[in-house]
Structures are given as C-alpha cells and as structure tokens.
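To keep things clear, I will list the structure first and then write my remarks on it.
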Amino acid sequence: MRYSGLIEKYRDRLPVSADTPVISLGEGNTPLIELRNLPRILGVDAQLFVKFEGLNPTGSFKDRGMTMAVTKAVEGGAKAIICASTGNTSASAAAYAARANIGCFVLIPEGKIALGKLAQAMMHGSTVIQIQGNFDDGMRLVQELAQDLPLSLVNSVNPYRLQGQKTIAFEIIEALGDAPDYHVLPVGNAGNISGHWMGYSESVCLQTEACGLCQGACPYHPAKARASKRPVMVGNQAAGAAPFLRGEMVKHPETIATAIRIGHPMSWNLAWAAVRESGGWFNECSDAEILAAQALLAKHEGVFCEPSSATGFAGLIQDFKAGRIRSGSTVVITLTGHGLKDPDTAIAQSSKPHVVAAERGAIADLISRHL
Ligand code: F0G
C-alpha cells in the first residue's frame, strides 16, 4: 500500500477521527541506518543506528509534529498559524500551511538561522518576521500574540506537536523488533525528547517490570504494547546553550548549532521526566566536538546531517570515552535535520575545491596525487 504519512499509518494511536482533514506531505517512515564504519573507527563495541530525520519532506523531524499541529488547526477552523523558530519549525510550518492553504507567520532570530531554512520559509510563502532578539524572546512573543489574535500556535507547547513526534519511537520499535538500550538525541526547546519518551512509554507495559513482551497475557497490558522495555534517554546540548546540564535557564545562549541556540526550553519538566524515569542523563558538547561529529558521519557513513543534529552523536562519543554505555548495547541516535539546511557551516569547515585548467593532463596529475 502507498505510504501516505504518519497520521494514516498510526491513526489508531493519534487523536484524530475519520472526519479529521489530514494535512500531510508523506512525513515519517525515515530510514534507520546502521553505522558500518564508525563503531570500528571509534573502537566501540555496540550496534549504532541513526534515525535520519533529515529525510522528512522539509528536511527535519519537525514535519512529524507539524502534520498533526496543522491538521488539528485546520480541523478547528484556524485560518493562520504562528511559531517562533530557530529555522526548522518555520520551514515546516510554512510548508504545511501552504499545503493547507492557510496563512503562516514565523518569528526568527535575525541573522541566526541557517540559509536553507530561511529559503524554505520564504519560498513557501510564509510571512517571515526577523526579530532583533533570540529564539526565547520569539517564543515569549508568539505565546502572547496567539492569545490575542486568531492564530494557532504550532510550537511544541502545542500538545499535537508531541503527538506527531512520538511516532518516531513507534517506527524504531518496528524496525528493531524492540526498543533500543539507549536513545541519544540533541535537545533545544526539549519537545523532541519529550515526544520520543511519550512514544516509547505508549509502547510498553508499564504496570510490571517483569512483564516484558507478555503479548497481552498480563492483566494490565495496554493493547498497543510492542516493546519489552524503554531505552535510557540521553539528551545532548551545545555547551553555550546547555540549561539542562547547568540546572538553570541560560540568558544568552550561543553556539554554531543555531537550531539548538535556546536558553529557556519550553518542555523543561517533560524532558527532565524522560531523563530521570529512564535512568538517563544530559551531556554538553563544545562547538568543535559538534562539528567533528558532523564530519565523522558525513565522511565515514555518507550521512550528512546539520550541526545541531550531530550534537547527539558528539555526546555519545563522550559517553563511550567515559564508559557510560554498556558494551554490546544497541544505540539509536536521532539525526534531526539534513546537512543541506546549513551549507555555510559545511563549506566553512571543509577543504576548498581544487581549481585546475580544463585539461586532461592537469586533472590526471591531480588525481594521481590523491589516489
Ligand atoms: N535539532 C534540530 C535540527 C532542530 O531544529 C531542533 C529544534 C532540535 C534539534 C532540538 O529539538 O527543540 O525539540 O529539543 N529546532 C526548533 C526550531 C527549536 O525552531 O526549528 P527540540
């Protein structure tokens, strides 16, 4: 059967009815790619998988939540949506609003979003408002504006966003046959880690530890239990924007990973619950570690994610070095957005192309020096 998006696939586990007008671009169903080379190169004894969310319709995981948020906004009669964004939410909101034929207003921090994301928001016809402030300022403003104006707020404080985002856990459990031992991801506004945890939690029998894959034999077993356990959740932040590790909000967040340049995460309590209940932890990664992790994935696995996305992998490398990951474990890393979103950062850290005469001999010379 033709895949037609995550609402159709998981409608029995999402708050939709037969009459809900589904707004979809075929999001979800992203590949779970096993890393073949990096475990050997890093010398780690573990099975590592990346869930490549950069392959969603607008190039990031935001589409999972946006299909739900825009669908429910349209169902409720909304004529326009609004969000604050570090880039990906605005790109996704703009695309789904275009699809739904409704208006879209996006607030972005001036000069601090990656080029591809800005191009998307502009191209899809949203009203792009660059504010002279950061994401946290924008978040406060859109919450105020949505109270007074006829606008549906589609940031992850909108509960339908997390409903859509939880489906990533369903897909991973289907692909692996169970939940992984660890799930590692970047954290900014903290909606995504909360959505992951919701999805994993809805997939297990929480009533009894011993239940395992009881196939419904236990009297408490929920109808949809599909996994024997939930993973340990590990949240990773950029060092200049790491309120979770610091235990307090950060006033002036700063990092090259602009998507997670956030000091005041909205889903603070939910994210702490995910980490505490799962026995997990938070890491912080320097910009240099983030860029190194991005390059490792691109150069050794052929997977090009944006810097913020690589923050999960950067944190995992720290965890392996510190011996925090049990050997023989299965680890899933969410790569939240595509590398093409931020060509400037990619080009700035790569070696420059060679310039030679358009002549066979010169090119053959160059090749032989590199063979
Ligand atoms: N990775 C990428 C590529 C992101 O765009 C974001 C968030 C995150 C990770 C963090 O996810 O906020 O759920 O903890 N981007 C938002 C935006 C804030 O506006 O695009 P989170």
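Observations on the model:
- Checking each residue in the range 146-191 for being touching a Pro at 6+ places or on another chain (Cβ under 8 Å) and within 16 Å of the ligand (Cβ to nearest atom) picks out Y160, Q163, H183, V187, G188, N189, A190.
- The residues listed here are G26, G43; of these, the one that is touching a residue at least 12 places away in the same chain (Cβ under 8 Å), away from the ligand (no atom under 16 Å from the Cβ) and surrounded by fewer than 24 Cβ atoms within 10 Å (Cβ to Cβ) is G26.
- Long-range neighbours under 6 Å by Cβ, at least six apart or interchain, first residue more than 9 Å from the ligand (Cβ to nearest atom) within the range 78-105, second at pLDDT below 95: none
- Qualifying positions in the range 322-338 - more than 16 Å from the ligand (Cβ to nearest atom) and among the polar types (S, T, N, Q): S327, S329, T330
- Qualifying residue in the range 222-234 (condition: at pLDDT 80 or above and within 16 Å of the ligand (Cβ to nearest atom)): yes
- For the range 139-156, the criterion of being out of contact with any strand residue (DSSP E or B) (no Cβ under 8 Å at 6 or more places or on another chain) and buried (at least 24 other Cβ atoms within 10 Å of the Cβ) is met by at least one residue.
- For the range 158-184, a residue qualifies if it is charged (D, E, K, R), under 21 Å from L270 (Cα atoms) and in contact with a strand residue (DSSP E or B) (Cβ under 6 Å, 6 or more places away or on another chain), and exactly one does: D181.
- Residue check, A348 of a type in the set (G, A, S), surrounded by fewer than 15 Cβ atoms within 10 Å (Cβ to Cβ) and without any contact (Cβ under 8 Å) to a residue 40 or more places away in the chain: yes
- Exactly one residue out of F304, F313, F320 is over 20 Å from N88 (Cα atoms), of a type in the set (F, W, Y) and touching a helix residue (DSSP H, G or I) at 6+ places or on another chain (Cβ under 9 Å), and it is F320.
- On the stretch given as the range 40-61, residues that are over 15 Å from G302 (Cβ atoms) and either charged (D, E, K, R) or out of contact with any helix residue (DSSP H, G or I) (no Cβ under 7 Å at 6 or more places or on another chain) (or both) total 6.
- Scanning the range 56-68 for residues that are hydrophobic (A, V, I, L, M, F, W, C) and within 13 Å of the ligand (Cβ to nearest atom) turns up F61, M66.
- Residues (under 30 Å from S228 (Cβ atoms) and out of contact with any Pro (no Cβ under 8 Å at 6 or more places or on another chain)) located in the range 294-309: L297, E301, V303, C305
- Long-range neighbours under 7 Å by Cβ, at least six apart or interchain, first residue over 17 Å from R261 (Cα atoms) and within 14 Å of the ligand (Cβ to nearest atom) within the range 116-145, second of a type in the set (S, T, Y) and not in a helix (DSSP H, G or I): Q120/T58
- Some residue of the range 115-123 being more than 20 Å from I82 (Cα to Cα) and out of contact with any His (no Cβ under 9 Å at 6 or more places or on another chain): yes
- A search for C-beta distances below 6 Å between a residue of the range 300-321 that is within 16 Å of the ligand (Cβ to nearest atom) and any residue that is among the acidic types (D, E), counting only pairs 6+ apart in sequence or on different chains, returns E306/D342; A314/E289.
The values are calculated or read from the model by the stated rules, or taken from the named source; none is laboratory data. All figures in this text were calculated on a predicted structure; none of them were measured in a lab. Neighbour counts run over all protein chains shown; Cβ positions are idealised from the backbone, glycine included.
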